[in-house]
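The values are calculated or read from the model by the stated rules, or taken from the named source; none is laboratory data. Since the structure is predicted, the reported quantities are computational estimates derived from the model, not experimental observations. Don't worry about glycine lacking a Cβ; one is built from the backbone with ideal geometry, like all the others, and counts go over all protein chains shown.
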Amino acid sequence: MDAEERYRLVARNAEEIVTKEELEALLATKDSPRAYIGFEPSGLVHLGWALVASKIKDLVDADFEVLVFFADWHAYVNDKLGGDIDRIRLCARYMVDAFESLGVPRDRVNYLLASKIMDNTEYWGTLMKVGKVTTLSRIRRAMTIMGRKEDDADLDSSKFLYPLMQVTDIFRLDIDLAYAGMDQRRAHMLAREAAEKLNWKVPVALHTPLLPGLKGFNRMDPLANKMSKSDPDSGILIHDTPEDIGRKISKAFCPPEAEGNPVLSIARLIIFPRNPVFVIERPEKFGGRLEFNSYEELEETYLAGNLHPMDLKSGVAKALSDILAPSREYFEDHPENFIEMKKSLGLI
């Protein structure tokens, strides 16, 4: 595969690449660059991870060495799962299962707990060097990477360590390309700024869109808009039953426009990248079967008022149920970590 084809795979469905020129140079000069994405183990896995899994597979196919990094101590700092490090590490094991259920090949991706690289002086020495070239106000502005507001840093002093830890991870892992959703952009920009000041390797940053929550767009609180593990009704879980998917989608916010419409966003970001044709079945008296060969065609039909919101929801729910069938089947066959995770959350 030539560099141009590798670039196409990496850039496919990306919202931002910082910078495109640096990515082109990386692919032209390195046969197997190192890419990473970091996660806080913090709850059950939602549909947004299907977007991430697709991009991880793109990176693998583009000959990247991909590392999925489970930030256990970061989740502890961020008060996830009650700050119980054992529950956090259980969640990491369940998340490995989640990725495999979504088609990420376990034998072609490396998984690593943050605690495995944090127990040495080199890690903390790197963190100190990053801290020396980063102002406190800059760290405070990056607090949104934790899913928090800037003022939340005042809850306890460990919160100020979090952005420095995330940046340090990138350097200690010798990462060429840092990948995440757009909500992690500030961490990646912080890493690039620190690298330039310290004359270290500057990582390319790759960002994909965030899948919005089903409850709709909140202009006053952008952090509340994305699909969330902490609010099960805000999104679809990857192992939801067809009935659960149908129930959640039927209650989803679905305005007569594309902006802030989570149902159309699911069609654009999840369904069409996997299905060349999107089918909506309707009774003949309501217009009969509809087939769409592109997202643009679907959006145009919906915005023109020629597709009822409930018909759109019905079609999206059916397509999602089919897309997530392999995940449901995987967890039926490999239930151990999923069951323990649900027990730890008090769900069973």
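Within the stretch 230-266, the set of residues being of a type in the set (A, V, I, L, M, F, W, C) and closer than 20 Å to residue 328 by Cα comprises 236, 237, 238, 245, 249, 266.
Among the numbered criteria (1) surrounded by fewer than 23 Cβ atoms within 10 Å (Cβ to Cβ); (2) out of contact with any helix residue (DSSP H, G or I) (no Cβ under 8 Å at 6 or more places or on another chain); (3) within 21 Å of residue 166 (Cα to Cα), which single criterion is violated by residue 95? Residue 95 satisfies every listed condition except (1).
Please report, ordered by residue number, the helices (runs of 4 or more DSSP H) entirely within the stretch 1-109 with at least 1 residues that are free of Cβ contacts under 8 Å to residues at least 24 places away in the same chain and acidic (Asp, Glu). First the steps, then the outcome.
Numbers: elements: 3-11, 20-29, 48-61, 72-77, 85-101.
Here the list reads 3-11, 20-29, 85-101.
Reported count of residues in the stretch 151-182, each being in contact with a Pro (Cβ under 9 Å, 6 or more places away or on another chain) and assigned to a helix (DSSP H, G or I), is 3. Among the residues making up the stretch 330-343, those that are closer than 20 Å to residue 99 by Cα and over 22 Å from the mean Cα position of the chain (by Cα) are 332, 333, 334, 335, 336, 339, 340.
Within the stretch 290-313, residues that are basic (Lys, Arg) have Cβ atoms under 6 Å from residues that are modelled with pLDDT of 95 or more in these pairs: 313/249; 313/250; 313/263, counting only partners at least 6 apart in sequence or on another chain.
Quick check on the stretch 235-243. Is at least one of its residues modelled with pLDDT of 95 or more and more than 15 Å from residue 319 (Cα to Cα)? No, the stretch 235-243 has no match at all.
Of all residues in the stretch 262-290, those that are within 12 Å of residue 307 (Cβ to Cβ) and touching a strand residue (DSSP E or B) at 6+ places or on another chain (Cβ under 6 Å) total 3. Among the residues of the stretch 274-307, just one is surrounded by 15 or more Cβ atoms within 10 Å (Cβ to Cβ), part of a loop (DSSP other than H, G, I, E, B) and modelled with pLDDT of 95 or more, namely 307.
The residue list 64, 69 contains one member that is modelled with pLDDT of 95 or more, among the aromatic types (Phe, Trp, Tyr), closer than 14 Å to residue 105 by Cα and buried (at least 20 other Cβ atoms within 10 Å of the Cβ), which is 64.
Set side by side, the residues 300, 243 differ, and just one is under 28 Å from residue 43 (Cα atoms), out of contact with any helix residue (DSSP H, G or I) (no Cβ under 8 Å at 6 or more places or on another chain) and not aromatic (Phe, Trp, Tyr), which is 243.
In this entry, residue 257 is excluded by the filter for residues that are free of Cβ contacts under 8 Å to residues at least 24 places away in the same chain and not assigned by TED's automatic domain parsing to the domain that holds residue 99. Within the stretch 163-205, restricting attention to residues that are among the aromatic types (Phe, Trp, Tyr) and closer than 13 Å to residue 129 by Cα, the residue that is surrounded by the fewest Cβ atoms within 10 Å (Cβ to Cβ) is 200. Being under 10 Å from residue 40 (Cα atoms) and not aromatic (Phe, Trp, Tyr) holds for only one residue in 80, 116, 132, and it is 80.
Go over the candidates 314, 250, 265 one by one and state the one that is outside the structural domain of residue 97 (by TED's automatic domain parsing), under 21 Å from residue 234 (Cβ atoms), surrounded by fewer than 17 Cβ atoms within 10 Å (Cβ to Cβ) and not charged (D, E, K, R).
Details: 314 fails: surrounded by fewer than 17 Cβ atoms within 10 Å (Cβ to Cβ); 265 fails: surrounded by fewer than 17 Cβ atoms within 10 Å (Cβ to Cβ).
Result of the check over 314, 250, 265: 250.
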